[in-house]
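Values in this text are rule-based calculations from the coordinates and carry no lab data. Keep in mind it's a predicted model, so treat the numbers as computed, not measured. So basically every Cβ, Gly included, is an ideal-geometry build from the backbone, and we count neighbours across all protein chains shown.
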Amino acid sequence: TQLLEQSPQFLSIQEGENLTVYCNSSSVFSSLQWYRQEPGEGPVLLVTVVTGGEVKKLKRLTFQFGDARKDSSLHITAAQPGDTGLYLCAGLSYGQNFVFGPGTRLSVLP
Amino acid sequence: DTGVSQDPRHKITKRGQNVTFRCDPISEHNRLYWYRQTLGQGPEFLTYFQNEAQLEKSRLLSDRFSAERPKGSFSTLEIQRTEQGDSAMYLCASSLAGGGVAFFGQGTRLTVV
């Protein structure tokens, strides 16, 4: 069974602070996605990373895929209250099924 | 195309009743996935289709659950004899076969009372 772990599970920070969220697995994935989910809504795609070592930037968000394609990180610079939400990582297995981590719940206080 | 659409958004049902949810994927996407998400957890895989073929089913999908995608377009998920433990958000996603990106609908929140 492929498992994705995320850390931390909960994070509460002040506006303007930086943070990093981690997604780890013992399995290799062909690609990895990051989503943000708000209460009562479906996950919204933020980014897909495909190549080992790949780094993608989306405004204040920086995503990195590990060299071995088993782990990833999401770094947010100067967090804002609008960044509040549940951050989910999902790995696409070679069996073509998306496996999700449990999520990191981020709260950014004004 | 407005993305993945799910109906209804909310469903409250009494224990023992049957419920059916519908998912309309992005039109050119041939893969369709169903997930279940309980409060405070990440989505758990239930099943997925490529066109009309159901290619994988999770052990979470008990005999009371059935999913169909008869013409390779929309899909339905039926839960028979609902139990309180079935209360959750049911999420549908679609993607292109071989593609690495899944797009989700807004989900159907089921409450079994």
Could you tell me which chymotrypsin sites (Phe, Trp or Tyr not before Pro) in the range A:51-110 are loop residues by DSSP with no more than 14 other beta carbons within 10 angstrom of their beta carbon? A:94
For the range A:1-52, alpha-carbon Rg and Dmax in angstrom: 13.3, 39
Any trypsin sites (Lys or Arg not before Pro) in the range B:32-113 that lie in a DSSP loop and have at most 15 other Cβ atoms within 10 Å would be B:59, B:64, B:71, B:81
Report the per residue volume, in Å³, of the convex hull enclosing the C-alpha atoms of the protein assembly as shown. 118 Å³
Rg and Dmax of chain A over Cα atoms: what are they, in angstrom? 13.3, 43
For the range A:35-110 and the range A:1-31, what is the centre-to-centre distance using only Cα atoms, to the nearest Å? 8 Å
Rule-of-thumb check for the range A:64-109: C-alpha Rg over 2.2 N^0.38 Å? 1.38
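Quick check for me: using +1 on Lys/Arg Cβ and -1 on Asp/Glu Cβ, what's the dipole size of chain A about its Cα centre, in debye to the nearest 20? Can you show the working numbers first?
Values: 8 positive and 9 negative charges, 42 e Å.
Roughly 200 debye for chain A.
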